[in-house]
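Q: Before I ask anything, here is the structure I am working with.
The values are calculated or read from the model by the stated rules, or taken from the named source; none is laboratory data. It should be emphasised that the depicted structure is a prediction, and the values quoted were computed from it without experimental measurement. Quick reminder, even Gly has a Cβ in these numbers, built from the backbone with ideal geometry, and neighbours come from all protein chains shown.
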């Protein structure tokens with residue numbers, strides 16, 4: 001197998017999304033385990049999550065191969081370019097998911113395996129087709145995007161707790177301004193592919209702006225709930241407020257002057273916001 005083909009299979013697994021999944025899974029495990037007291041369980045959890053996530057990404061590539069060929073941002077993906085045959089991508093994706101689920105079932109617990117299966121199902125068979133049916137696809141897609149945090153908690157505890165759902169809603173809410181900004185930036189591409197993204201369905205921009213502001217404000221509110229529940233202290237509280245204020249500022253600037261530039265600033269703010277928020281959580285708990 002040549003290097004180009006290897007890189008193609010890596011691209012099929014959507015490594016950027018996989019990294020986010022692994023980080024959020026680790027965060028959920030950290031809170032569920034009250035630290036990292038069972039490193040081998042965490043290792044198998046992350047291995048199973050990575051395989052399942054990679055397989056889901058490959059199946060998403062397979063299902064969207066025709067529309068990917070229509071969009072500038074995706075036309076150079078492995079399947080549209082002919083680097084990887086659709087059947088090979090399908091087999092690759094299914095194999096990774098099955099292997100990941102087996103590892104989670106045998107080495108972690110049934111609940112974590114089920115949550116991983118649910119995540120894959122919602123992403124592949126609900127979110128992916130819904131992109132052509134309703135602008136609510138972003139909200140539906142935010143569910144499997146946030147479930148890995150719950151999976152990490154379940155891996156550590158073998159059960160679910162209210163604290164895990166707090167983390168879930170932080171991730172769930174964060175995805176809206178993040179992906180709405182992307183949808184705004186590439187709305188013409190999405191329109192060509194027939195995807196009913198919010199800026200495509202409502203091209204006058206107003207509704208997209210309202211959604212971004214509303215979910216960013218909701219994110220700030222959800223982000224301080226861990227302090228109210230005793231999950232974190234003052235360091236995290238002030239850090240969350242600082243980050244949330246900055247995020248709201250960029251959302252407001254986008255609402256004031258919607259453009260590709262201000263949308264990109266929201267996207268960058270969201271990318272910076274999440275890891276720093278998690279960092280404040282960890283620092284607060286260590287100190």
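Q: All but one of (1) under 25 Å from residue 190 (Cβ atoms); (2) outside any loop (DSSP other than H, G, I, E, B) hold for residue 75; state the number of the condition that does not hold.
A: Going through (1) under 25 Å from residue 190 (Cβ atoms); (2) outside any loop (DSSP other than H, G, I, E, B) one by one, residue 75 breaks only (2).
Q: Still on this structure: In region 176-196, what residues are farther than 21 Å from residue 257 by Cβ and assigned to a loop (DSSP other than H, G, I, E, B)?
A: First, pick out the residues of region 176-196 that are farther than 21 Å from residue 257 by Cβ: 189-196.
Hits for region 176-196 are 194, 195, 196.
Q: Continuing with this model, one more query. Please work out if residue 82 is out of contact with any helix residue (DSSP H, G or I) (no Cβ under 7 Å at 6 or more places or on another chain), surrounded by fewer than 16 Cβ atoms within 10 Å (Cβ to Cβ) and either at pLDDT below 95 or closer than 30 Å to residue 285 by Cα (or both). Break it down into steps so the answer makes sense when it comes.
A: On the way: out of contact with any helix residue (DSSP H, G or I) (no Cβ under 7 Å at 6 or more places or on another chain): yes; surrounded by fewer than 16 Cβ atoms within 10 Å (Cβ to Cβ): yes; either at pLDDT below 95 or closer than 30 Å to residue 285 by Cα (or both): yes.
Yes: the conditions hold for residue 82.
Q: Any idea which residue in region 197-243 is farthest from residue 140 (Cα to Cα), counting only those that are under 22 Å from the mean Cα position of the chain (by Cα) and not in a helix (DSSP H, G or I)?
A: Here the residue is 224.
Q: So, of the residues in region 31-45 that are at pLDDT 90 or above and buried (at least 20 other Cβ atoms within 10 Å of the Cβ), which turns out to be nearest to the chain's Cα centre (by Cα)?
A: Step by step, filter region 31-45, then rank; the result is 45.
Q: Within the set of pairs 6+ apart or on separate chains, which have a first residue in region 31-44 that is more than 16 Å from residue 165 (Cα to Cα), a second that is modelled with pLDDT under 90 and not in a helix (DSSP H, G or I), and C-beta atoms under 8 Å apart?
A: Matching pairs, first to second residue: 42/36.
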